[in-house]
Structure formats: C-alpha cells, structure tokens
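Notes follow once the structure below has been shown.
The values are calculated or read from the model by the stated rules, or taken from the named source; none is laboratory data. Here the structure is a predicted model, which is why all the values come from computation and not from measurement. Cβ atoms come from the backbone with ideal geometry, glycine included; neighbour counts cover every protein chain shown. The accessibility values were calculated without ligands, DNA or RNA, using every heavy atom of the protein model including side chains. Shrake-Rupley method; radii C 1.70, N 1.55, O 1.52, S 1.80 Å.
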Amino acid sequence: MNMPVNEPVRASFSSSFSLYFFATRPAFLSATLASCMLGLTSALYSGVSIQLVTAVLSVLLALSVHAGVNVLNDYFDALNGTDASNIERIYPFTGGSRFIQNGVLTLVQTMYFGYILLAAAMLGGSWLAFQVSYGLLLLGAIGMFVGWAYSASPLRLNSRGLGELCVLLGFLGIVVGIDFVQRSSFSFVPLIVGMPYALLVTNLLYINQFPDRQADARAGKYNLVVRLPLNLAVWLYFLMTVLALLWITVMVFSGYLPELALLSALPLLLSARAFWLLRQFSAKPEKLLPAIKLTLASMLSHALLLTLIMLWNTP
C-alpha cells in the first residue's frame with residue numbers, strides 16, 4: 001500500500017528540532033493545554049492568586065509528560081505491530097504518528113526520546129514539589145505511572161480494556177495537579193470542573209479507536225472498542241457524552257458551578273452529531289473523519305466556554 005501523501009517523511013523536516021517536535025504529535029497536546037487552562041481557572045474561581053512562575057512551569061511539565069506518553073505509545077505500538085498493520089487509519093488522528101513506520105525515527109530513537117521527556121518532567125516536577133508541596137510528588141507519580149502503563153509492557157492497560165479509564169484519570173489529574181500547584185492543597189473544585197472535560201477527552205480517544213479496530217485486534221490490543229460488539233461499542237460514546245451533560249447539570253443545580261456554566265454544555269451537541277455519524281459508519285472507518293473532528297471540537301469548545309464562564313464569575 002502506498003504511503004498517504006500527508007504522512008511524515010524524513011525530508012519533510014528542515015531540522016532535528018522540528019523533527020522531534022512533531023514526533024510528540026503536538027496537535028494532540030492541545031488537550032493538555034485545555035486541561036491546564038481549567039486547572040488554573042479552578043484555582044482562580046476559588047479565590048487563589050496565580051503565581052506566574054509556578055503556573056508556567058506546571059503547564060510545561062504537563063505538556064512534557066503528555067508528549068513523552070505520546071512518543072512511548074508510538075514505540076510500544078510499533079513493538080506490538082498494530083501501527084504497521086493499520087491500513088484503515090485516518091492520519092493524523094489514528095494509527096500513530098507514523099514516524100517509525102515511515103523511517104523518520106528508529107525504534108531506539110523513539111524509545112530514548114520518550115523516556116527523556118518523562119525524565120525531564122520528573123526532574124522539573126521534583127523541583128516544583130520542593131517549592132510548593134510534597135503532595136505534588138504523589139500526583140505526579142500517579143500521572144506518570146498511568147501514562148507509562150497505558151501502553152508499556154508488561155501492564156499494557158490499553159490492551160486490557162483499561163485505556164479509557166487511564167485517559168479519564170490522566171486528564172482529570174492534570175486539572176487537579178495544575179490547581180494543586182496554585183493552592184498547595186487538594187480540593188474538590190478541580191474535580192468538579194474537570195470531570196466533564198475528562199469524559200470528552202476520553203470520547204476522543206474512544207472514537208479514534210474505531211478506525212484502528214481491526215489492526216488493534218490483530219495485535220492483541222483489546223481495548224473496549226475491540227472487546228465490545230460493534231453495535232454496542234458505539235453506545236459507550238453516547239454514554240460518556242450523557243455523563244458529561246449530567247455532571248455539568250448536577251453541579252450547576254447543586255451550586256458548585258455558576259448557572260451560566262450550563263452554556264458550556266452546548267458543544268455537546270457536536271458530540272451528539274458525532275454519535276449519529278458513528279452509529280452510521282462504525283464499520284466504515286474511512287467515513288469517520290467528520291465524527292472525529294466533531295468530537296475534538298466539542299471537547300475543546302466545552303473547555304474554552306467553561307473557562308470563560310468561570311473567569312466571568314470569579315470573585
């Protein structure tokens with residue numbers, strides 16, 4: 001099969017910096033940036049003054065962890081063969097970065113780069129914990145472990161039907177961690193703020209697994225999309241969308257979120273449209289690109305709206 005023209009090749013990169021930068025799949029790092037935005041907003045909404053230096057450093061560390069997890073996921077998916085055999089991928093959303101498969105980076109280079117990113121995050125996180133609170137070490141260790149165990153052997157949690165839970169916990173953990181750095185203590189506020197967004201991020205991972213379903217099954221990567229009957233698997237996407245809507249509604253009517261936060265549920269209409277498309281084309285991966293883009297738009301639009309609404313209602 002010929003390589004799709006938009007996939008990366010070595011000649012596409014003018015420098016080693018740009019090559020390694022794009023190996024992290026930077027477009028997907030927007031999910032982490034939105035989590036960080038919600039975490040900082042959570043602290044501000046609680047009346048906490050933002051410390052610029054620690055805020056910037058915590059965001060950079062969160063991005064480093066996510067980048068490292070992305071790179072290592074490429075490495076381990078190359079080892080198990082799922083990306084190499086994936087002929088139904090929708091690049092750049094599914095099927096990995098293609099850096100290994102297209103000869104841009106070797107397996108060893110990819111492995112070292114991923115672990116270097118995680119090591120840098122560990123060093124920076126240790127210094128930040130010394131400045132803020134040692135409770136941050138616990139949060140960082142849990143986040144690092146979940147990110148690593150998502151695809152790394154021998155745990156390979158994404159092959160055991162636990163990958164979706166890892167993503168939910170990971171992105172919710174970013175919101176909690178960014179908030180923690182500012183208030184130096186744990187709070188339920190970032191959990192309340194971050195849960196619907198974490199559900200929507202999980203939906204993005206989930207819908208991205210439909211085009212990869214056959215390749216994942218052949219490689220023994222038994223995520224929930226592979227494990228469930230196809231006609232049933234699509235309904236889990238709908239369930240997570242409904243849970244996000246219910247969470248926002250209950251938190252507003254319980255007084256934990258401002259009334260205007262109900263407006264942050266409007267982007268979930270995009271998820272509803274994506275679900276309708278997923279029901280139609282779950283067995284036709286080549287037609288799922290619009291549904292994937294709608295899911296991404298729903299996720300980021302919700303985060304932006306909720307951030308603006310909470311800032312508007314900040315004391």
Self-check item: Relative contact order, percent, the chain [alpha-carbon distance under 8 Å, six or more residues apart]
Solution: 23
Quiz item: Distances over 30 Å make up what percent of all Cα-Cα pairs in the chain?
Solution: 33
Practice problem: Take the chain, connect every pair of alpha-carbon atoms lying under 10 Å apart with a spring to form a Gaussian network, then pick out the residue of GLN182, GLN214, GLN131 with the largest mean-square fluctuation. | Solution: GLN131
Quiz item: With every protein chain left in place, what is the accessible area per residue of the chain in square angstrom, probe 1.4 Å?
Solution: 45
Quiz item: Quick one: with all protein chains in place, what share of the accessible area of the stretch 203-279 is carbon or sulfur, to the nearest percent (1.4 Å probe)?
Solution: 69
Quiz prompt | Among ASN231, ASN208, ASN73, residue whose mean-square fluctuation peaks in a GNM of the chain (springs only between Cα atoms under 10 Å) | solution = ASN231
Quiz item: Peptides 292-302, 12-22, 255-265: what's the order by average Cβ count within 10 Å, highest mean first?
Solution: 292-302, 255-265, 12-22
Quiz item: By Kyte-Doolittle mean hydropathy of at least 0.0 and Cα axial length of at least 27 Å, which whole DSSP H helices of the chain are selected?
Solution: 52-80, 107-131, 163-183, 189-208, 230-253, 289-312
Exercise. Run the numbers on the stretch 1-93 and let me know its relative contact order in percent, using alpha-carbon pairs under 8 Å that are six or more apart.
Key: 36
Quiz item: At SER49 and SER16, where each label point lies 7 Å from the Cα along Cα→Cβ, what is the point-to-point distance in nanometres?
Solution: 4.4
Practice problem: Starting from the Cα-Cα distance between ALA119 and ILE87, subtract it from 0.36 nm times their residue separation and give me the gain in nm to one decimal. | Solution: 8.2 nm
Quiz prompt | For the chain, built as a Gaussian network whose Cα springs stay under 10 Å, the top-fluctuating residue of GLY124, GLY103, GLY95 | solution = GLY103
